[in-house]
Amino acid sequence: MPSFDISSELDMVALKNAIDAVERVINNRFDFKGTSAKVDLNEKDETITLHGDSNAQLDQIKDILFPALEKKEADSSKRLESGEVQKISGNKVKLEMKIKAGIDQDLAKKIIKLIKDEKLKVQTAIQGDTVRVTGAKRDILQEVIAFMRKSITDFPLQYQNFRD
């Protein structure tokens, strides 16, 4: 039976390239000279930390970061979960952004519920951080992919391992 997987994998290389591009822009901008403005990527914890002198400067860094991420990988800025702005030594601030990779249980259940409510003749199963969709015909599976692209726009999804 034909099947495919719905997943959300992080392209770490594209993310590193985007962070490097943002660092170059920050180093070259005149209004950031002599400030603590910088961006750090922690691959192990999957977090991006923005450092700045004020909340306004953090906003400026975000305005540079999000388009750079989108340029490298579409919808990748939707993958970031912003934390609280923390005050550190003196008047400096930092913001940690968690990078969400994979499909969590809540989103997987939402995907399955959407497919069942649409009454498409497919079977769905949660397999770790992916959702496997199996159907009788490949046309039905293509309908599911088209439906999912319209339905879930707030998180980047990939449709992989399409098999006949």
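Looking only at residues in region 129-164 that are β-branched (Val, Ile, Thr) and outside any strand (DSSP E or B), the one that is nearest to the chain's Cα centre (by Cα) is THR153. Selection of first residues in region 68-85 that are touching a residue at least 40 places away in the same chain (Cβ under 8 Å) and on the phi > 0 side of the Ramachandran plot and of second residues that are assigned to a helix (DSSP H, G or I) and open to solvent by less than 80 Å² (accessible area, probe 1.4 Å), restricted to Cβ pairs under 8 Å at least 6 apart or on distinct chains, gives an empty result.
Restricting attention to region 94-101, does a residue exist that is of a type in the set (Val, Ile, Thr) and touching a residue at least 60 places away in the same chain (Cβ under 8 Å)? Yes: region 94-101 contains one or more residues that are of a type in the set (Val, Ile, Thr) and touching a residue at least 60 places away in the same chain (Cβ under 8 Å).
Give region 147-164 a look and list any residue that's closer than 26 Å to ALA74 by Cβ, open to solvent by 90 Å² or more (accessible area, probe 1.4 Å) and out of contact with any strand residue (DSSP E or B) (no Cβ under 8 Å at 6 or more places or on another chain), or say none. Residues satisfying the conditions are ARG149, LYS150, ASP154.
Total residues in region 11-44 satisfying the condition of being touching a strand residue (DSSP E or B) at 6+ places or on another chain (Cβ under 8 Å) and open to solvent by 40 Å² or more (accessible area, probe 1.4 Å): the figure is 7. It is to be established whether one or more residues within region 96-103 are within 23 Å of the chain's Cα centre (by Cα), small (Gly, Ala, Ser) and surrounded by 13 or more Cβ atoms within 10 Å (Cβ to Cβ). Taking every residue of region 96-103 in turn, at least one turns out to be within 23 Å of the chain's Cα centre (by Cα), small (Gly, Ala, Ser) and surrounded by 13 or more Cβ atoms within 10 Å (Cβ to Cβ). Scanning region 63-85 for residues that are farther than 19 Å from LEU10 by Cα and modelled with pLDDT under 90 yields a total of 3.
Based on this model, can you work out whether ILE48 counts as surrounded by 14 or more Cβ atoms within 10 Å (Cβ to Cβ), assigned to a strand (DSSP E or B) and either β-branched (Val, Ile, Thr) or at pLDDT 85 or above (or both)?
yes
Of the residues ILE126, ILE115, the single one that is touching a residue at least 12 places away in the same chain (Cβ under 8 Å), β-branched (Val, Ile, Thr), open to solvent by less than 30 Å² (accessible area, probe 1.4 Å) and not in a loop (DSSP other than H, G, I, E, B) is ILE115.
Quick one: PHE4 ticks every box in (1) of a type outside the set (Asp, Glu); (2) assigned to a helix (DSSP H, G or I); (3) open to solvent by less than 30 Å² (accessible area, probe 1.4 Å); (4) over 25 Å from SER89 (Cα atoms) except a single one, so which number is it? In the conditions (1) of a type outside the set (Asp, Glu); (2) assigned to a helix (DSSP H, G or I); (3) open to solvent by less than 30 Å² (accessible area, probe 1.4 Å); (4) over 25 Å from SER89 (Cα atoms), PHE4 misses (2) alone.
In summary, VAL144 fulfils each of the numbered conditions (1) farther than 16 Å from GLU9 by Cα; (2) open to solvent by 70 Å² or more (accessible area, probe 1.4 Å) with the single exception of condition (2). Scan (1) under 17 Å from LYS100 (Cα atoms); (2) at pLDDT below 90; (3) among the acidic types (Asp, Glu) for the single condition ASP40 breaks and write down its number. (2) is the only condition that ASP40 fails. Please work out if ASP75 is open to solvent by 80 Å² or more (accessible area, probe 1.4 Å) and within 19 Å of LEU41 (Cα to Cα). When the stated conditions are applied, ASP75 does not pass them.
The values are calculated or read from the model by the stated rules, or taken from the named source; none is laboratory data. The structure presented is a predicted model; accordingly, all values stated were derived computationally and were not measured. So basically every Cβ, Gly included, is an ideal-geometry build from the backbone, and we count neighbours across all protein chains shown. For the accessible areas, the whole protein counts, side chains as well, though only heavy atoms, and no ligand, DNA or RNA atoms are used. Shrake-Rupley method; radii C 1.70, N 1.55, O 1.52, S 1.80 Å.
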